[in-house]
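To keep things clear, I will list the structure first and then write my remarks on it.
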Amino acid sequence: MKTKTNIWLSKIFSLLLVSSLILGGCATSATDVSQSSSSSDNLANSQSKVAIAENKDSNKDMSNNLPQLEGMAKVEIQVNGSPIIIEINGTNAPTTAGNFVDLISQGVYDGLVFHRVIPGFVAQGGDPQGKDPNFTGTLGTGGFIDPNTGTERRIPLEIKLEGEDKPTYSKAKLPGKSVVLKHDRGVIAMARSGMPDSASSQFYIALEDLPSLDGDYAVFGKVVEGMEVVDGIKQGDRIGTAKVIEGLENLKQ
């Protein structure tokens, strides 16, 4: 039987892991990406407060001219010379999925580093700053700069709830609600900062079932082949190439 102390320590550990997905808190020195990132991540901005933050217009169309994936697609990511096939779910996460497929089709992820890998938790990458091997700043803080606007593309938090026809936007951790796309082992989801609508290009793959993240981060697909390759990813490994292999016709700009 667990003691109260063990239960308390377990909860603290879970909170630290969740906080590691926050973009600003998952930063890693580009000159030493092979070492674990600092474990000093904290919830100074109170993730619990962010989790209940509401946007009065959260159920309106939040696409704002963002790419949309109308249906399903598949992408292939090459890591260490081996393929990872990911099914992208535009049926239940059209904006989040559309953003990812669009970025892959533009070659944004080619050569990017996995800047944070925590065994039993996630493998995280997608910071465009990591494409430059001579980058000396801090990885884990960057997003995709849209050449059409000159500003960082931001994706609203998109969560589809069971029993709902459309996703809910800009709300995290809705009490008593069950999400359609859960954090099962092998899912791919968007990392973000403390604000719900701050995802851009950074993503993570869940290395285990992570139900505590359900509703806080937008899941938009799942690894269907090559999970053994994912399990072998080390911090500092790079994406060789990333391409859309099915469903590109479902991407609407």
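The values are calculated or read from the model by the stated rules, or taken from the named source; none is laboratory data. Only a predicted model underlies this, so the values are computations on that prediction, with no experimental measurement involved. Cβ placement follows ideal geometry from the backbone for every residue including glycine, while neighbour counts extend to all protein chains displayed. Accessible surface areas use protein heavy atoms only, side chains included; no ligands, DNA or RNA. Shrake-Rupley method; radii C 1.70, N 1.55, O 1.52, S 1.80 Å.
Assorted remarks:
- The order of the peptides 123-130, 190-197, 234-241 by mean Cβ neighbours within 10 Å, most packed first, is 123-130, 190-197, 234-241.
- For the range 87-216, lysine pairs with C-alpha atoms less than 17 angstrom apart, excluding pairs fewer than eight positions apart on the same chain, total 8.
- Accessible surface of residue 164 - all protein chains present, 1.4 Å probe, nearest 10 Å²: 90
- Cα centroid separation - the range 107-169 against the range 215-253, whole Å: 12
- If you take all other residues with their beta carbon under 15 Å from the beta carbon of residue 101, and give Lys and Arg +1 and Asp and Glu -1, the sum is -3.
- Gain on full stretching of the segment that runs from residue 174 to residue 151 - 0.36 nm per residue minus C-alpha separation: 5.3 nm
- Computed over neighbours whose Cβ is under 15 Å from that of residue 85, the net charge equals -3, Lys and Arg +1, Asp and Glu -1.
- Which of 181, 219, 169, positive extreme of dipole for the range 161-253 (C-beta unit charges): 169
- Counting charges near residue 114 (Lys, Arg +1; Asp, Glu -1) among other residues having Cβ under 11 Å from its Cβ returns a value of +1.
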